[in-house]
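The structure appears below as structure tokens.
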């Protein structure tokens with residue numbers, strides 16, 4: 001797994017938080033998953049509620065499992081709510097079809113992992129994920 | 001965990017029941033969770049149905065995990081039913097987006113735990129939770 | 001369900017705590033389940049650790065599901081550890097084969113419910129459950 | 001939750017890694033949980049295997065749920081393997097009875113959270129957790 005190492009993860013998390021601060025957002029929580037959906041790093045800002053890991057993780061995992069940002073899963077959920085039930089079930093609960101789960105790609109478009117952000121509006125969460133990914137010189141698909 | 005001790009929990013449960021009796025409500029069940037979502041106290045009134053623990057617990061846990069009363073989760077569930085499915089999944093089934101899961105805060109606004117009430121209408125359930133929390137000299141966010 | 005009402009549950013919990021205090025035990029947690037395994041009442045004493053509900057509940061449910069105090073399940077677990085794995089699985093995780101899950105019977109020997117206690121040694125936990133059940137004028141099978 | 005904020009979590013994680021490096025250990029993974037068992041921070045060092053989050057999390061959660069470091073759960077597992085099966089079940093799989101889940105206490109002995117470390121021997125994992133906790137000026141119970 002060239003590239004998405006711990007130093008890069010830290011850059012992603014810090015830059016996502018910086019974006020949230022710059023825009024005056026609510027306290028955020030940010031997870032970085034590797035391309036297999038396993039957790040690399042997570043941080044929850046002071047003031048964020050207790051259950052934020054699961055939401056961030058579920059957004060990022062939704063992106064990775066389907067190979068598309070979680071915004072796609074959200075669009076589909078609007079049309080086919082039963083798809084959400086089923087996918088949440090098959091992935092053992094690790095599936096949150098809300099915008100904010102963003103793919104991390106290298107310059108050739110290969111998926112390196114995913115970032116999940118929660119705490120503000122779903123659209124703002126995604127902005128922070130993108131800011132983090134780009135600060136680490138990867139390419140974001142939100 | 002300063003404050004939300006067993007003596008306070010008993011006050012909350014008793015005052016919630018008293019409110020229900022005063023208003024002629026159906027038999028109630030009341031749970032108190034600590035700030036991390038772990039169970040501190042629960043009582044089910046005579047005549048309440050068998051599965052009330054899980055509903056009270058799921059309302060209170062929904063409030064704690066998201067840092068907002070379960071009435072917020074209910075409003076969102078009306079708009080985005082798939083969000084409920086997903087959150088129920090990520091929290092291992094402990095998520096009930098119905099009014100009646102109320103945050104317990106201290107005077108600085110810090111979350112000390114949550115109270116979940118079930119048995120009557122959701123709005124009445126929340127009234128009882130608030131009455132319990134205030135009787136224990138905490139601040140309720142319903 | 002004549003008999004195991006909320007007033008009786010409170011007597012059980014209070015008398016179990018009194019026994020623990022009298023004998024200088026660690027902080028206790030006590031659950032009372034109805035004959036179907038559904039939660040009637042629970043209290044966690046100040047100083048008890050976060051995850052005590054699940055242990056108390058799992059002991060009492062083990063007693064009810066098999067119709068024998070959890071001490072029997074513990075004896076069997078010593079001989080057949082794989083039985084524990086299987087029973088924990090079939091009961092969805094609500095099965096703890098440790099002494100301290102005690103049956104509540106009426107004078108005819110009919111099972112009215114079960115009490116689960118955790119916090120001190122398993123043997124002491126069971127002593128407190130028995131003390132609670134007898135204080136409520138039921139018969140204990142430990 | 002006074003004290004165990006994100007700045008402290010980062011100190012814990014960095015100092016745990018520093019201890020591992022100093023002693024020439026294998027790549028480590030470190031989680032910090034709040035007192036209710038919810039995730040505050042996690043980092044996995046380069047070269048660590050994919051499933052390290054769950055082990056670190058399960059060790060730290062075992063410590064919090066029982067109010068004792070996971071080394072106690074390990075000792076018990078040696079004597080009563082069925083207790084491990086049952087506790088893993090009641091905690092929904094988040095229970096790993098291996099040394100390396102260490103309690104974070106304040107100077108009054110109040111539990112503030114727990115740290116879980118995995119990657120080297122269990123004893124070395126615990127050494128790193130302790131080093132992290134003490135670097136953040138908390139008290140460790142390993």
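Give me the compactness ratio for region A:1-84, meaning the Cα radius of gyration over 2.2 N^0.38 Å. Each step should come with its number before you reach the end.
Numbers: Rg = 14.0 Å, N = 84, 2.2 N^0.38 = 11.8 Å.
Relative to the rule-of-thumb radius for its length, region A:1-84 sits at 1.18.
Return the Rg/Rh ratio of region A:79-142 with Cα-based radii and a Kirkwood Rh.
Details: Rg = 13.1 Å, Rh = 12.6 Å.
Taking Rg over the Kirkwood Rh, I get 1.04.
Output, in nm with one decimal and in ascending order, the distances from the residue C:82 label point to the matching label points of the other copies (7 Å from Cα along Cα-to-Cβ).
Computed spacing set for this position: 1.4, 4.0, 4.4 nm.
In 5 Å bins starting at zero, report the fraction of Cα pairs in region D:6-141 per bin as a rounded %.
2, 13, 23, 26, 19, 11, 5, 1
Taking other Cβ within 10 Å of each residue's Cβ, how do C:32, C:39 sort, fewest first? Intermediate values should be presented prior to the final figure.
Numbers: C:32 33, C:39 28.
Fewest-to-most ranking of C:32, C:39: C:39, C:32.
What FRET efficiency, computed as 1/(1 + (r/R0)^6) with R0 = 56 Å and r the Cβ-Cβ distance, is obtained for residue D:106 and residue A:110, rounded to the nearest 0.05?
Details: r = 46 Å, r/R0 = 0.83.
According to the calculation, E is roughly 0.75.
Rounded to the nearest 0.05, what FRET efficiency do residue D:14 and residue C:82 have when you use their Cβ-Cβ distance and R0 = 60 Å? Before the final figure, lay out the partial values.
On the way: r = 43 Å, r/R0 = 0.72.
The computed FRET efficiency comes out at 0.90.
Roughly how many nanometres apart are two label points built 7 Å out from the Cα toward the Cβ at residue B:137 and residue D:137?
According to this spin-label approximation, the distance is 3.1 nm.
Computed over the Cα atoms, what is the radius of gyration of the protein assembly as shown divided by 2.2 N^0.38 Å, N being its residue count? Please report the intermediate quantities before stating the final value.
Values: Rg = 23.4 Å, N = 568, 2.2 N^0.38 = 24.5 Å.
Against the compact-globule rule of thumb, the ratio is 0.95.
Computed on alpha carbon atoms, what radius of gyration and Dmax characterise region A:56-107, expressed in Å?
Reported Rg and Dmax, both Å: 10.2, 35.
In nm, what does the list of distances from residue B:7 to its counterparts in the other copies look like, shortest first, when each label sits 7 Å along Cα to Cβ?
Residue B:7 label point versus its equivalents elsewhere: 2.7, 3.5, 5.7 nm.
Could you please point out the chain B residue with its Cβ nearest to the axis of the rotation taking chain B onto chain D, and the distance in whole angstrom?
For the rotation taking chain B to chain D, the closest Cβ gives B:36, 0.
Given the -39500 (n - 2.57) contribution per DSSP H run of 4+ residues, what per-residue ellipticity at 222 nm results for chain D, rounded to the nearest 500 deg cm²/dmol?
After summing the helix terms and dividing by the residues of chain D, the value is -15000 deg cm²/dmol.
Sort D:91, A:91 by Cβ crowding within 10 Å, fewest neighbours at the top.
Details: D:91 22, A:91 18.
Ascending number of Cβ neighbours within 10 Å: A:91, D:91.
How do D:49, C:70 rank when sorted from fewest to most other Cβ atoms within 10 Å of their own Cβ?
Numbers: D:49 13, C:70 34.
Lowest to highest Cβ neighbour count: D:49, C:70.
With each label point set 7 Å from Cα along the Cα-Cβ vector, what nm distance links residue C:46 and residue A:90?
Between residue C:46 and residue A:90, the label points sit 5.2 nm apart.
At residue A:137, label 7 Å along Cα→Cβ: distances to the other copies, nm, ascending?
Spelled out, the distances from residue A:137's label point are 3.7, 6.0, 8.1 nm.
Read the figures in this text as sums done on the coordinates, not as results from a lab. This structure is a prediction, so every number in the text was calculated from the model and none was measured. In this analysis, Cβ positions are derived from the backbone assuming ideal geometry, glycine residues included, and neighbour counts consider all displayed protein chains.
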